[in-house]
Every structure is written in structure tokens, then in C-alpha cells.
Amino acid sequence: MFSLKQLIQRLNSSLTIRFSLLYGFLGLVIIVVLMAFVFLQVMGALHAQQFEQISTMEKRIAALYAAQGREAVLNYIGYELQGASPDLWLYLDASGHKLLGNLDYYPPAFEGSVYIADLTVHNEGRSVEAKLRRLSLGQDELLLGKDLRDIHAFRGLMQRASLVTLVVGLFFIVFSSYWFRAEIETNLSVIRRTATQIRAGQFKRRIPVDNADDELSLLIKELNLMLDHLEKSLTGVRYLSETITHNLRTPIMRITSQVYPLAYDDSSPPAVQEKAQYVLAELDELTTLFDKLLQISELEAGVFRQDKQVLSLSTVLQDMIEFYQPYAEEHGLGLQADLEADCQVLGDTDLLASALSNLLENACKYGRSQIKVRLYKQEDAVLCQIEDDGLGVSPASLAKLGTHFYRDPNAEQVPGTGLGLASVLSIVSFHEGQCEFFHSDLGGLGIRLRLAVV
């Protein structure tokens, strides 16, 4: 069973339920307003009808009294009292004594009035609501009116009908909302499942669709056409990447093979060796830059074909730390690691090692005296946190980190391409994780990776 809080969260999380409830309640409000209008019109008509009936009775009694006197009026009232009519009568003589009628006594609230629309009177021991009018017949006085029981009964009937309408309407709104959500969810789940398969690399997948021409079917057909176009575009990107790999790597390797002997041949002049070694370093940096660009483009285009598997991030990070430990010590950096054991994630070992290598290399490059690495579990996630006490970045640059070729102005004097963090973000996104940049308490930059735990 859902608690009230869970039910509210479920309602807030479902767009279809919110729309269904909104329009359902709007329709219910319209029905209630119309019922209230009809009720007021009918009640007004019934009250007007009773007023007309009382006026007619008054005219008939006045004419009868004028033509035949008191006895004729008393005989008429006596005859009326023998029937089942809800008419009310009270005939009083000049001294105020009751001569005839079904009212027990003269209502004190009626004293000094000619007509009262709603008045409580006593009819043969019962309290009833009534409309009364006073008529003077010579020295005598006659109160005549109508019992409101029929009107009250109709009002009660309308109230019960309104209550039943509200209950049935609310039930229909809730039922139709969940039915509508279930229908939409059935179709959207197919779309989500296909999207998940495509994101996993199954680019041939398409959303099943009927031949119907309803709005959802037309939308799915357009989505399938869009997926066809995207598949062609990704195929083109992949072909372009492979072409670039072939057409650029081969010339670079040829140039390297020609320059290498000049750099390390003892017969070459020292100046030539120095220039050749410089060219080789530039070619090596160009190859590294090219590899990173190629990897980022493949990851962002979704054409990377590595398979994910369950792996120990603790082991991968420990290997990277052991690899960079001598480098850090050589540069006078203290590399502290606090790694929780058995932090397993679903991913690609080479890609995650590449991302961690980029982060550790940056920490060693920019750190002054210490680097802290921490790996731990938090609820359903594995967090890897790397901090240094280096230059850090300005608050304005913090949100721009990871943008292709972007470098903080404070770090422009340090060699780099501006693609290391972009590569890290692409790899983390490929693993459906999150990457957060923050100002470290050590004074430099802090980076926190969050991956789903297995």
C-alpha cells in the first residue's frame, strides 16, 4: 500500500496522471456548477409557484367572504382540511380565538407581518417550515399558507443526487487517470526500451509501431525516421574517423621513421639532433592529441564498441596510483590514497584507466606538495575523489572545465591540450556516471566521479 507521501510523489512524477486529474476535476467542477444552476432555478420556480398558489387562495377566500360571509369561508376551509393538501389555515375571530384551522396557534414571529416566506409554525404538534400570508376578513383574521415539506424533500433529493454525482465523478476521474496512464505507459515503455537498446549500441533497433494514424503512431513513425537519419550520420562519423586514422597516422609514422635516425644518430650534428628530438616530441604530442580527439568523438557519437563488464574500480585505481607514485615522488609530491576495497562497477577497464590516468596526471602536473585520492561507496554509488593543492581554478572557470580545448587562464603556462578533462567527461558519460568539479580544501582543484555500484 502507498503512503500519502508516496502517493503524492507518484502523482507529481506522472505527467499523464496530473493532466488527467486536472481535466477530470475541471469537468467535475463544470458539472457541479451546472447542477447548482439547475438546482437554484428549480428551487426558485417552486417557491414562485407556491407564492402564486397562496395569492390565488387569498383572492378566492376574499371573493367568497365578500359574496357569502364568514360561514361560507369556514365551510370552505373545513372542506380543504379534510383533504391531503399541504395548505395551512388558521381562522381567528375579532378577539383572537381560533375558530378553525390546522395551525396550533398564532406564530409570535408573524406578529405585525403581512407575508413571510420562510417561517417555523406548529401544525398539529409538528414543527414545519411554511410560507404564510395574513388576510383580514372584516373583524376576523385568516392566516393561510403552504407547507414547505415538498420543497425540502426535493432539496434533499437534489443534495443526495449531487453527492452521488461527486462520488461517482471522483471515482471515474481516478480510474480514468490511472487507465490513461497505463495506456500511455504501455506505449512509452516500448519507446524507452528501444532508446536504451540504441544507447547501448544497437543502432539498428526501431520502435514497433502499428499502421494506425493516431497521434502517437505518427510520432513514433517520425522518431523511427529520425533514428534512420541518425544511424546514417553515425555511420558517416565512424567512416570519417577510420579514414582520418588511416590517412593521418600513416604520414606521421613515415615522418617519425625519417626523423628518428637524425635524433639519435651519433654522426648527426648536436644541433640537428636537438631539432630532430624536438620534432619527434611534437609528433608524439600530435599523436596523443589525435588519439584523444578520436576517442572523444567516438564516445560522444556513440560508436565506441568496447563491451562493459563488472570490474573492481579499487584494483584499477590502485594500479594507476602505483604507476604514478614514482612520478609524484620525483616531483616532490606526496600521494595519499584511501581506497575502499571491492568497489565494483560495470564498465570498460581501459576507458576507466584512461580517465583515472588523466586525472592523476593533471594532479601531478598542477599540485605543489600533496595529492589526495579517495575511493568509497555511498548508498548505491561508487565515488572516486582526487584533490590537489595546486593553482586551482577561478569560480568562473569551474563550470567551463571539460569543454573541448578550454584551459583556465591561471594554467596557460603549464603545457597541455585542454582535452584531458573533456576525455574524462566523455568516458564518465559513456558509463552513465557523473563528474563534479569543486574547490578542494587543499587549495587546488577537486574532482569527484560517481559511478553506479554493481
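Only the coordinates and a few stated rules stand behind these numbers; no lab work does. Everything quoted here is computed from the prediction, not taken from an experiment. So basically every Cβ, Gly included, is an ideal-geometry build from the backbone, and we count neighbours across all protein chains shown.
Quick rundown of the values:
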item: Label point distance in nm, residue 175-residue 253, each placed 7 Å from Cα along Cα→Cβ; result: 7.3 nm
item: Over the stretch 18-59: Rg over Rh, Cα atoms, Kirkwood Rh; result: 1.44
item: Mean-position separation - Cα centroids, the stretch 37-78 and the stretch 307-356, in angstrom; result: 101 Å
item: Lysine pair count for the stretch 1-199 [Cα-Cα under 26 Å; pairs on different chains or 8 or more apart]; result: 6
item: Sequence-distant residues sharing a close amide H with residue 370 (under 5 Å, placed H); result: 334, 389
item: Theoretical gain in end-to-end length, residue 202 to residue 72 [0.36 nm per residue, Cα-Cα removed]; result: 36.5 nm
item: Cβ-Cβ FRET estimate between residue 319 and residue 267, R0 fixed at 30 Å, reported to 0.05; result: 0.10
item: Within-12-Å neighbourhood charge of residue 444 [Cβ basis; K, R +1; D, E -1]; result: -2
item: Neighbour-count order for 228, 266, 389, fewest beta carbons within 10 angstrom listed first; result: 266, 228, 389
item: DSSP bridge pairs, the chain: antiparallel proportion in percent, nearest 5; result: 90 percent
item: Alpha-carbon Rg with Dmax, taken over the chain, Å; result: 45.8, 155
item: Likely footprinting exposure, 255, 77, 371, fewest C-beta neighbours within 10 Å first; result: 255, 77, 371
item: Rg over Rh, two decimals, the stretch 319-375 (C-alpha only, Kirkwood Rh); result: 0.98
item: Within the chain, longest stretch free of exposed GluC sites (Glu not before Pro) [DSSP loop, at most 11 other beta carbons within 10 Å]; result: 125-378
item: Span-rule helices in the chain, defined as complete DSSP H runs reaching 20 Å or more along the axis (Cα) with Kyte mean at least -0.5; result: 15-68, 149-199, 215-264, 270-301, 313-330, 349-366
item: 3J(HN,Hα) from dihedral phi, the stretch 443-454, Karplus parametrisation 6.51/-1.76/1.60, rounded to Hz, x for glycine, proline; result: x, x, 9, x, 10, 10, 9, 10, 10, 5, 7, 9
item: Separation in nanometres of the label points that stand 7 Å from Cα toward Cβ, at residue 400 and residue 150; result: 8.7 nm
item: Estimated FRET transfer efficiency when R0 is 51 angstrom, pair residue 111-residue 18 (beta carbons, to 0.05); result: 0.30
item: Convex hull volume of the stretch 305-400 per residue (C-alpha atoms, cubic angstrom); result: 118 Å³
item: Length released on extending from residue 30 to residue 190, taking residue separation times 0.36 nm less the Cα-Cα span; result: 54.0 nm
item: Kirkwood hydrodynamic radius over Cα pairs of the stretch 19-170, then Stokes diffusion coefficient at 10 °C and 1.306 mPa s, in µm²/s; result: 89 µm²/s
item: More than 17 Å apart - percent of Cα-Cα pairs taken over the stretch 104-176; result: 58 percent
item: Relative contact order of the stretch 9-141, pairs being alpha-carbon contacts under 8 Å that are 6 or more residues apart, as %; result: 15 percent
item: Environment charge at residue 432 (Cβ cut-off 11 Å; Lys +1, Arg +1, Asp -1, Glu -1); result: +3
item: Full-stretch length increase - residue 221, residue 182 - with 0.36 nm per residue and alpha-carbon distance subtracted; result: 11.9 nm
item: Relative contact order (percent, whole number), the chain, Cα cutoff 8 Å, 6+ residue spacing; result: 9 percent
